[in-house]
Amino acid sequence: MLIEQFKSHSDKISALGKLTDRELELYETHFALLRSWNERMALVSKKSIDRSFASHYVDSIFISDFAEKLRKGRFVYDFGTGAGFPGIVYAIRYPSTKVSVYERSLKKQTFLSAALATLNLVNIQMGGEFPVERRSGVFLARAVLPPQELFKFMSNRMVEGSTLVVNLGGSSEPIEVPPQFVKTDKEVYDLPMDCGSRRVESFDYVPRGT
């Protein structure tokens, strides 16, 4: 089902470039698990499961492509991955990139464990609560906290020079950014299936304001 949607909307997602057969098959496997588990656990809303191709997978691929351009050999951390968006999608799309996903919800942790075992990805690991110690890398935050809370939370967990990637609605207002975060890039993209536009922005953590 998911593979057919990728193919039928290929003209609208041409900006994503090549999607390999391996990649599409793994997305399909993940979606089959998500749809099955969602009937019992409500991991994502019913409305979003019906539009998962656009609102979860295509969105996560855009975020992953954006972040990968900024990664420069660093580790990737997905804070509040939920059912694996964008962390699992990132690990599928970029099999040589090390990705760590974190999710505090126990039911979602159970799903993530089953999904990772089924997908057999060797470049991803899962944790629960996001660690309190500072880390260096690229940090993904997709719809996990309001911007003000997110920047405050991450300012206590990022090493200087690390990058925070934030996903927002395409028409949302500009966000207020604390002085220790410096905006470095932005991309706006449209999702298929009338799911609207999205905006992804990156911020480097520079605590001295330099």
- Message: Whether any residue in region 167-187 is in contact with a Phe, Trp or Tyr (Cβ under 6 Å, 6 or more places away or on another chain) and among the small types (Gly, Ala, Ser) is what I want to check.
- Response: no
Of those in region 1-25 that are among the hydrophobic types (A, V, I, L, M, F, W, C) and not in a helix (DSSP H, G or I), the residue nearest to VAL188 (Cα to Cα) is ILE13
Residues of region 142-174 being small (Gly, Ala, Ser), exposed (fewer than 13 other Cβ atoms within 10 Å of the Cβ) and at pLDDT 90 or above, in sequence order, are GLY161
Exactly one of GLU28, GLU68 is under 26 Å from GLU133 (Cα atoms), without any contact (Cβ under 8 Å) to a residue 40 or more places away in the chain, part of a helix (DSSP H, G or I) and not polar (S, T, N, Q), and that residue is GLU68
Checked region 25-54 for anything within 21 Å of MET193 (Cβ to Cβ), of a type in the set (S, T, N, Q) and surrounded by fewer than 16 Cβ atoms within 10 Å (Cβ to Cβ); matches are SER45
Over region 101-154, the set of residues of a type in the set (Asp, Glu) and farther than 24 Å from LEU70 by Cβ is GLU129
When (1) part of a loop (DSSP other than H, G, I, E, B); (2) in contact (Cβ under 8 Å) with a residue 24 or more places away in the chain are applied to VAL166, the one that fails is (1)
Within region 155-193, of all residues that are out of contact with any Lys or Arg (no Cβ under 9 Å at 6 or more places or on another chain) and hydrophobic (A, V, I, L, M, F, W, C), the one nearest to ARG71 (Cα to Cα) is LEU164
Of those in region 67-106 that are of a type in the set (Asp, Glu) and buried (at least 17 other Cβ atoms within 10 Å of the Cβ), the residue nearest to VAL122 (Cα to Cα) is ASP78
For PHE139, the lone unmet condition from (1) outside any helix (DSSP H, G or I); (2) at pLDDT below 95; (3) aromatic (Phe, Trp, Tyr) is (2)
Subset of region 175-210, residues among the charged types (D, E, K, R), surrounded by fewer than 19 Cβ atoms within 10 Å (Cβ to Cβ) and either assigned to a strand (DSSP E or B) or out of contact with any Pro (no Cβ under 8 Å at 6 or more places or on another chain) (or both), comes to LYS183, ASP185, LYS186, GLU187, ASP190, ASP194, ARG199, ASP204, ARG208
**Message:** On the basis of being surrounded by fewer than 24 Cβ atoms within 10 Å (Cβ to Cβ) and among the small types (Gly, Ala, Ser), does SER64 make the cut?
**Reply:** no
Flagged in region 107-136 as surrounded by 13 or more Cβ atoms within 10 Å (Cβ to Cβ), out of contact with any helix residue (DSSP H, G or I) (no Cβ under 7 Å at 6 or more places or on another chain) and assigned to a loop (DSSP other than H, G, I, E, B), in numbering order, are PHE130, ARG134, SER136
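The values are calculated or read from the model by the stated rules, or taken from the named source; none is laboratory data. In this text the structure is predicted, and so the values were computed from the model without any measurement. Cβ: placed from backbone, ideal geometry, glycine included. Neighbour counts: every protein chain shown.
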